[in-house]
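S.K.: Sharing a structure, written as structure tokens. Questions coming.
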């Protein structure tokens, strides 16, 4: 669910330059300079209120995390949680960006993992190209990811799950894990939940797919 528009959102982002990267395209190919290390970079596209990416940054200090979100008001919600966490997470950044333009933000092979958590399912067939697992976006992810870099999807939407399976298969991707009920299956005890996931998982299964793009 999208947060209400905050008329001061852009001003708030400006005042959080320690964690919000504003001129994203200037750092293409040099994101390690932002973190001042050579650790792997994981991004979450559509980070929502930030629960998932913030908790990952806490648990995995040797990985650099970037939360991507195109709505400034949503980032403000994540910033509030970041501020309230009282953690000095030097391995975490947020950015306001549309997934369509990520090739202008990151260089080829600059990212080690992409998370798509509970993305908008765009349920109408005429909007299928807007789904983040459609062939509109897969070529973008393929360029961003390192060889063997993972794309991980979580969703509670059966239609999006099935669509994604077909889309990945048509794109000749490799499947490494497919889970039909994440919260009631063994081996996923390290799963970090999003706020949406905690709220809606009692009403049905959570699906998860781990894929990589095939080499040349």
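So that you can scan it fast, the table gives a plain yes or no per residue for (1) modelled with pLDDT of 90 or more; (2) surrounded by fewer than 16 Cβ atoms within 10 Å (Cβ to Cβ); (3) within 18 Å of the chain's Cα centre (by Cα); (4) under 21 Å from residue 76 (Cα atoms):
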site: 8; (1), (2), (3), (4): no, yes, no, yes
site: 11; (1), (2), (3), (4): yes, yes, no, yes
site: 19; (1), (2), (3), (4): yes, no, yes, yes
site: 27; (1), (2), (3), (4): yes, no, no, no
site: 31; (1), (2), (3), (4): yes, no, yes, no
site: 34; (1), (2), (3), (4): yes, yes, no, yes
site: 44; (1), (2), (3), (4): yes, no, yes, yes
site: 49; (1), (2), (3), (4): no, no, yes, yes
site: 52; (1), (2), (3), (4): yes, no, yes, yes
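S.K.: Suppose we filter 119, 73 for residues that are touching a residue at least 60 places away in the same chain (Cβ under 8 Å) and in a helix (DSSP H, G or I); which single one remains? Reasoning before the result, please.
M.R.: Working: 119 fails: in a helix (DSSP H, G or I).
One residue alone meets the criteria, 73.
S.K.: Kindly provide the set of residues from segment 170-216 that are assigned to a loop (DSSP other than H, G, I, E, B), over 17 Å from residue 113 (Cβ atoms) and touching a helix residue (DSSP H, G or I) at 6+ places or on another chain (Cβ under 9 Å), ordered by number.
M.R.: Selection gives 171, 180, 193, 204, 205, 206.
S.K.: If you take the residues in segment 148-163 that are closer than 19 Å to residue 111 by Cβ and modelled with pLDDT of 95 or more, which one is surrounded by the most Cβ atoms within 10 Å (Cβ to Cβ)?
M.R.: Step one: of segment 148-163, the residues closer than 19 Å to residue 111 by Cβ are 148-154.
Adding the requirement that they be modelled with pLDDT of 95 or more leaves 149-154.
Working: 149: 20, 150: 18, 151: 27, 152: 17, 153: 23, 154: 23.
Checked segment 148-163; the qualifying residue surrounded by the most Cβ atoms within 10 Å (Cβ to Cβ) is 151.
S.K.: While we're looking at this one, here's another question. Of all residues in segment 23-44, how many are part of a loop (DSSP other than H, G, I, E, B) and in contact with a strand residue (DSSP E or B) (Cβ under 8 Å, 6 or more places away or on another chain)? Write out each step before concluding.
M.R.: Restricting attention to segment 23-44, the residues satisfying the condition of being part of a loop (DSSP other than H, G, I, E, B) are 23, 28-30, 36-40.
Then keep just the ones that are in contact with a strand residue (DSSP E or B) (Cβ under 8 Å, 6 or more places away or on another chain); that gives 37, 39-40.
Result for segment 23-44: 3.
S.K.: Moving on to the next point. When residue 164 is evaluated against the numbered criteria (1) touching a residue at least 60 places away in the same chain (Cβ under 8 Å); (2) closer than 24 Å to residue 51 by Cβ; (3) touching a strand residue (DSSP E or B) at 6+ places or on another chain (Cβ under 6 Å); (4) outside any strand (DSSP E or B), which criterion, by number, is the only one it fails?
M.R.: So residue 164 meets the others, but not (1).
The values are calculated or read from the model by the stated rules, or taken from the named source; none is laboratory data. Since the structure is predicted, the reported quantities are computational estimates derived from the model, not experimental observations. Here the Cβ is made from the backbone with ideal geometry for all residues, glycine too, and neighbour counts use every protein chain on show.
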